[in-house]
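Colleague: Structure below; questions to follow.
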């Protein structure tokens, strides 16, 4: 396990994977990290569809232009709309909850030497159909997981001085 | 007629689904993802041509350029556009030499 800040700074979006099966317990650790993310009103609106079948991953790839490489596993992060019903304008908050769960997953993955990439560019209707996802559950994001062919160089970050505004904008 | 299982493993079919899915995706995605999808499709097409023994060294070089630089779109917009210009220049060389 690595230090949190080290994981935050070291994580990269990995788009080339080498062969290698992620042990089940490591995958469960990654998923457990997801469920410990914060969520608005503690709604925990997430559902995670874990796909490891090569055949199914190949089918999903057909409808996912943003999915690069051959990951060992895919996690489709979904919002269960039943869990946010009657809670006011919660759709956007639920999407943020998913994003926070995804970040937890990717940091946990990195700490285990597993590469990951968040993917929003996929056809939601197609993936919903392929994975038998029910009507009241919407796929929002996918995270690909696998052992990196290489860890990409860090992209440029906007400096703190540019993005942090003290006391007022 | 081929069966469906064969069809979904066919590289032409994979390219077809990529193109149609990308067409829908491009409606909502950042505008530079359009060019990214097109060069990614070009890369897939060159790979098919390779399998069919239809490439030449110059085309292999274009494939290598795409694979090396397509992700620039995520990090450096200016360099990505420069890379697209380089690709066109490489293609012109091929056509001119014919």
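Colleague: With a 10 Å cut-off between alpha carbons and a GNM built on chain B, which of B:59, B:45, B:16 moves the most?
Modeller: B:16
Colleague: Mean-square fluctuation check for chain B, GNM, Cα pairs under 10 Å: which of B:34, B:53, B:25 is largest?
Modeller: B:53
Colleague: Would you work out if the range B:1-42 is rounded, prolate or oblate? Take a ≥ b ≥ c from the square roots of the eigenvalues of the alpha-carbon gyration tensor; rounded if a/c is under 1.5, else prolate when a/b is larger than b/c, oblate otherwise.
Modeller: Values: a/c = 4.98, a/b = 2.50, b/c = 1.99.
Prolate.
Colleague: Okay, moving on. For the range B:11-35 and the range B:36-83, what is the separation of their Cα centres, given in Å?
Modeller: 15
Colleague: Determine the shape class of the range A:13-52: with a ≥ b ≥ c the square roots of the Cα gyration tensor eigenvalues, call it rounded for a/c under 1.5, and otherwise prolate if a/b is greater than b/c, oblate otherwise.
Modeller: Details: a/c = 2.72, a/b = 2.12, b/c = 1.28.
Prolate, because a/c is 1.5 or more and a/b exceeds b/c.
Colleague: Between the range A:27-70 and the range A:1-26, what is the C-alpha centre distance in whole Å?
Modeller: About 15 Å separates the Cα centre of the range A:27-70 from the one of the range A:1-26.
Colleague: Then there is this: Taking chain A as a Gaussian network, Cα atoms linked when under 10 Å apart, which of A:92, A:131, A:145 shows the biggest mean-square fluctuation?
Modeller: A:92
Colleague: Give me A:70, A:3, A:138, A:97 sorted ascending by neighbouring Cβ count inside 10 Å, so fewest comes first.
Modeller: Details: A:70 16, A:3 10, A:138 19, A:97 26.
In increasing order of surrounding Cβ atoms, one gets A:3, A:70, A:138, A:97.
Colleague: Separate question: For the range B:4-97, what Kirkwood radius comes out of the mean inverse Cα-Cα distance, in Å? Mind dumping the intermediate values first?
Modeller: Working: mean 1/r = 0.0697 Å⁻¹.
When all Cα pairs of the range B:4-97 are included, the Kirkwood radius is 14.3 Å.
Colleague: Counting other C-beta atoms within 10 Å, which of B:43, A:41 has the fewest, and how do the rest follow? Mind dumping the intermediate values first?
Modeller: On the way: B:43 16, A:41 13.
Lowest to highest Cβ neighbour count: A:41, B:43.
Colleague: For the range A:4-148, what does the alpha-carbon gyration tensor say about shape, rounded, prolate or oblate, given a ≥ b ≥ c as the root eigenvalues, a/c under 1.5 as rounded, and a/b over b/c as prolate?
Modeller: Verdict is oblate for the range A:4-148.
Colleague: Kindly put B:79, A:162 in sequence by how many other C-beta atoms sit within 10 Å of each C-beta, fewest to most. Show your work: numbers first, answer last.
Modeller: Details: B:79 12, A:162 8.
Ranked by crowding around the Cβ, least crowded first: A:162, B:79.
Colleague: Starting from the eigenvalues of the Cα gyration tensor, five times each then square-rooted, give me the equivalent ellipsoid semi-axes of the range A:8-94, largest first, whole Å.
Modeller: Working: eigenvalues 152, 52, 34 Å².
Equivalent ellipsoid semi-axes, largest first: 28, 16, 13 Å.
Colleague: Please express the shape of the protein assembly as shown as an equivalent ellipsoid: the semi-axes are the square roots of 5 times the eigenvalues of the C-alpha gyration tensor, given largest first in whole angstrom.
Modeller: On the way: eigenvalues 227, 116, 71 Å².
The equivalent ellipsoid of the protein assembly as shown has semi-axes of 34, 24, 19 Å.
Colleague: In square nanometres, what is one fourth of the surface area of the convex hull spanned by the alpha carbons of the range A:87-169? Walk me through the numbers before you get to the answer.
Modeller: Numbers: hull surface 36.8 nm².
For the range A:87-169, the mean projected area of the Cα convex hull comes to 9.2 nm².
Readers should treat all values here as calculations from the given coordinates under stated rules, not as data from a laboratory. The shown structure was predicted, so the numbers you read here are calculated from the model rather than taken from an experiment. Cβ coordinates were reconstructed from backbone atoms using ideal geometry, including for glycine residues, and neighbour counts include every protein chain displayed.
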